[in-house]
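Have a look at the structure below before the remarks.
The values are calculated or read from the model by the stated rules, or taken from the named source; none is laboratory data. Treat the numbers as computed from the prediction; the structure is a model and nothing was measured. Reconstructed Cβ throughout: ideal geometry from the backbone, glycine too, with neighbour counts over all protein chains shown.
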Amino acid sequence: MWRDHLTEIIVFTFLFLLVSVMGFVAARWRAPNDMAHLDEWGLGGRSFGGWITWFLVGGDLYTAYTFVAVPALMFGAGAAGFFAVPYTIVIYPLVFLVLVRLWSVSHRHGFVTPADFVRNRFDSPVLALLIAITGIVATMPYIALQLIGIEAVLKTMGVTGDNALARHLPIIIAFAILAAYTYQSGLRAPALIAFVKDSLIYIVILVAIVYLPYKLGGWGDIFAAADAKFDASPNPNDGILLNGNNQLQYVTLALGSALALFLYPHSITGVLASKNRDVIKRNMSALPAYSLLLGLIALLGYMAIAAGVKPLPGAKEGTVDNNTVVPLLFDQQFPDWFAGVAYAAIGIGALVPAAIMSIAAANLFTRNIYKEYLKRDASPAQEANVSKITSLVVKVGAVACIVFLDPQFSIDLQLIGGVIILQTLPAVALGLYTRWFHRTGLIVGWAAGMGLGMWMLYQVASPTRKHFGGSAFPLSEFGFDTTRTIYVGIVAVAVNLAVAALVTLALRAAKVAEGVDGTEPDDYFADEGDPRVTPGTESDAASAREPVA
Amino acid sequence: MAAPEPEAPSAAPTRAKDHSPWNWLLFIPIVVPLIPVFFNGDSPRVFGFPRFYWLQLAYILLGVATTTLVYQMTKKRGGS
């Protein structure tokens, strides 16, 4: 079986080993005097300029799973899968407005994680702990999903085995290498590898969108083939356009996913690693190039329909694995060596976000659990060390999820992850603008949003499953007389905000202490070269406030 | 979603670079792509793409144009 794909496997392996070497060399790239500091290992020295940030954040947000799952969704459901495009348009103005403020206040106070900010802003270690745990729990399944991206490729190349261990061995090896160079080089490794990953992806997609429509009879024929497939299917909600039932779901999913994406710890890590405000703002104009790429990648799902691709069987008897449609399309339509390049693009595409996510999760653990609760007086070197070890643990956990559990479990968890990370919006995103909310109000609101979100997700059925069947919640469950659906996360975060506001009003009336704001209005505009920033010393809420120069 | 509240301009107003009215323009690429009436149709087709697809891809340009404009209009001049 795999012998038919020998050329592909050789090209894939060669490119994979190339980036592995780069990952280890990265430790010496833009090398600092002292690597034993969380700012260096976990944020690349907060020194990345425009180009590096573009590759790093682009490689971070547009993951291998996105590249595999979005066209798979288009292949299966049609227009509904295109939500990825408005989703990745809406996010940049939001980052421009909100995360630039987070960068400034973090630069000023030496924050490494969003929970660091929340702790200082609201003077509440409990709220910070909740934000940190939410971030870690939401990130873990996302890392596991990157493995599914690699597996889809390996499966297509025929690299499978008879038992679980043999089937997963290539992934275990790949992740062991990834873990080793992330341990050594920190954020510099994915930053350097992102150059290769993104270049490969751009080449593959540009070739695909010119060459494949030419082979398949043009865009008109591709859309016609997709239309015919959805017309013939019994599902009323598929098609190349949206219908009355799923429009609300489409826009709320796009907005909710955008809000969720920039709250994910790995996005924030990417943003905090840039060297000044201008780098971030300029990138908000340049990063949408990836959105165009994603839109075109989404359409690969329709090309697979036009090319008559039949997805490979899934893990369970009688199911199909739609995630294999894009690798199969490449296998069928491209010469072997180029299919190998395309597979390497997807495989390496999994490594960059997986590395950044594990670093982000490790930073959350180190700063907001280890330093807060286990070792208050940890030195910067100890912090960096704990983060390095935690990043290993996180990756072992992700591999274990895929090897020992049904991959569907990771997909479910990631669905939940998007909803739960949204529940940090009031504290993190609105907290950057206002301290109006009471810290206890935010905690109660968080709990309400989490509870409601989980309940709603549990209620969503799909044709194949009774629970956790997706994120489109039928409004009829709330007693509305309609067949419309809405994205769970948006409802949950709205309730979260309402509860937080009500509890805030009640606590304020009762004059419950609100704690001290560790930040000043001025901090939200601080930029590179701010005279008040003294690298490496400032990290505690209790530190004295210097007079504004 | 609550609109961002303006901060009290008491402390060092010269630093308050984020308060430019140009920032309000950023709500255009947040709101417009989320109105299905505009994009949810088949005609007119462009290069074989139904409106649903080409218009949403075109919104990317709307986003780029807006963020670029706002950046140019709000960036500090001279400065270090």
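When the helices (runs of 4 or more DSSP H) confined to chain B are screened for residues that are within 7 Å of chain A (Cβ to nearest Cβ) and at pLDDT 90 or above, those reaching at least 2 such residues are found at B:28-31, B:51-74. Taking segment A:316-417 and the helices (runs of 4 or more DSSP H) fully enclosed by it, the elements with 1 or more residues that are more than 28 Å from A:L253 (Cα to Cα) and free of Cβ contacts under 8 Å to residues at least 60 places away in the same chain are at A:325-333, A:380-404. Counting residues in segment A:406-414 that are in contact with a helix residue (DSSP H, G or I) (Cβ under 6 Å, 6 or more places away or on another chain) and either of a type in the set (A, V, I, L, M, F, W, C) or surrounded by fewer than 18 Cβ atoms within 10 Å (Cβ to Cβ) (or both) gives one or more. Counting only residues that are crowded, with 24+ Cβ neighbours inside 10 Å, within 13 Å of chain B (Cβ to nearest Cβ) and part of a helix (DSSP H, G or I), segment A:51-83 holds 4 of them. With respect to A:A306, is the statement that it is touching a residue at least 12 places away in the same chain (Cβ under 8 Å), under 27 Å from A:P327 (Cβ atoms) and more than 9 Å from every other protein chain (Cβ to nearest Cβ) true? Yes: the conditions hold for A:A306. Of all residues in segment A:1-23, those that are more than 17 Å from A:V352 (Cα to Cα) and modelled with pLDDT of 85 or more have Cβ atoms under 8 Å from Cβ atoms of residues that are hydroxyl-bearing (S, T, Y) and buried (at least 18 other Cβ atoms within 10 Å of the Cβ), 6 or more apart or on another chain, in A:E8/A:Y343; A:V11/A:Y343. In summary, A:W219 fulfils each of the numbered conditions (1) crowded, with 17+ Cβ neighbours inside 10 Å; (2) more than 18 Å from A:V325 (Cα to Cα); (3) touching a residue at least 12 places away in the same chain (Cβ under 8 Å) with the single exception of condition (3).
Looking at the structure I just gave you, is A:A36 more than 14 Å from chain B (Cβ to nearest Cβ), free of Cβ contacts under 8 Å to residues at least 60 places away in the same chain, in a loop (DSSP other than H, G, I, E, B) and closer than 25 Å to A:A384 by Cβ? Lay out the reasoning, then the answer.
On the way: more than 14 Å from chain B (Cβ to nearest Cβ): yes; free of Cβ contacts under 8 Å to residues at least 60 places away in the same chain: no; in a loop (DSSP other than H, G, I, E, B): yes; closer than 25 Å to A:A384 by Cβ: yes.
The answer is no for A:A36.
Let's see how each residue does on (1) at pLDDT below 90; (2) more than 30 Å from A:I10 (Cα to Cα):
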{"residue": "A:G347", "(1), (2)": "yes, no"}
{"residue": "A:V352", "(1), (2)": "yes, no"}
{"residue": "A:L364", "(1), (2)": "no, yes"}
{"residue": "A:A378", "(1), (2)": "yes, yes"}
{"residue": "A:A381", "(1), (2)": "yes, yes"}
{"residue": "A:I402", "(1), (2)": "yes, no"}
{"residue": "A:Q414", "(1), (2)": "yes, yes"}
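Checking the conditions here, which among A:L312, A:L255, A:L292, A:L299 is more than 8 Å from chain B (Cβ to nearest Cβ) and among the hydrophobic types (A, V, I, L, M, F, W, C)?
On the way: A:L255 fails: more than 8 Å from chain B (Cβ to nearest Cβ); A:L292 fails: more than 8 Å from chain B (Cβ to nearest Cβ); A:L299 fails: more than 8 Å from chain B (Cβ to nearest Cβ).
A:L312 is the lone residue from the list that is more than 8 Å from chain B (Cβ to nearest Cβ) and among the hydrophobic types (A, V, I, L, M, F, W, C).
The rows are residues; the columns are (1) assigned to a loop (DSSP other than H, G, I, E, B); (2) more than 22 Å from the chain's Cα centre (by Cα); (3) buried (at least 24 other Cβ atoms within 10 Å of the Cβ); (4) hydrophobic (A, V, I, L, M, F, W, C).
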residue: A:L253; (1), (2), (3), (4): no, no, yes, yes
residue: A:G270; (1), (2), (3), (4): no, no, yes, no
residue: A:D278; (1), (2), (3), (4): no, yes, no, no
residue: A:K281; (1), (2), (3), (4): no, no, no, no
residue: A:M284; (1), (2), (3), (4): no, no, yes, yes
residue: A:L296; (1), (2), (3), (4): no, no, no, yes
residue: A:G301; (1), (2), (3), (4): no, no, yes, no
residue: A:V309; (1), (2), (3), (4): yes, yes, no, yes
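Scanning segment A:470-488 for residues that are surrounded by fewer than 16 Cβ atoms within 10 Å (Cβ to Cβ) and not small (G, A, S) yields a count of 6. Determine if segment A:232-247 includes at least one residue that is part of a helix (DSSP H, G or I) and within 13 Å of another protein chain (Cβ to nearest Cβ). Yes, some residue in segment A:232-247 is part of a helix (DSSP H, G or I) and within 13 Å of another protein chain (Cβ to nearest Cβ). Filtering segment A:438-463 to residues that are assigned to a loop (DSSP other than H, G, I, E, B) and either modelled with pLDDT of 95 or more or crowded, with 24+ Cβ neighbours inside 10 Å (or both) leaves only A:H438.
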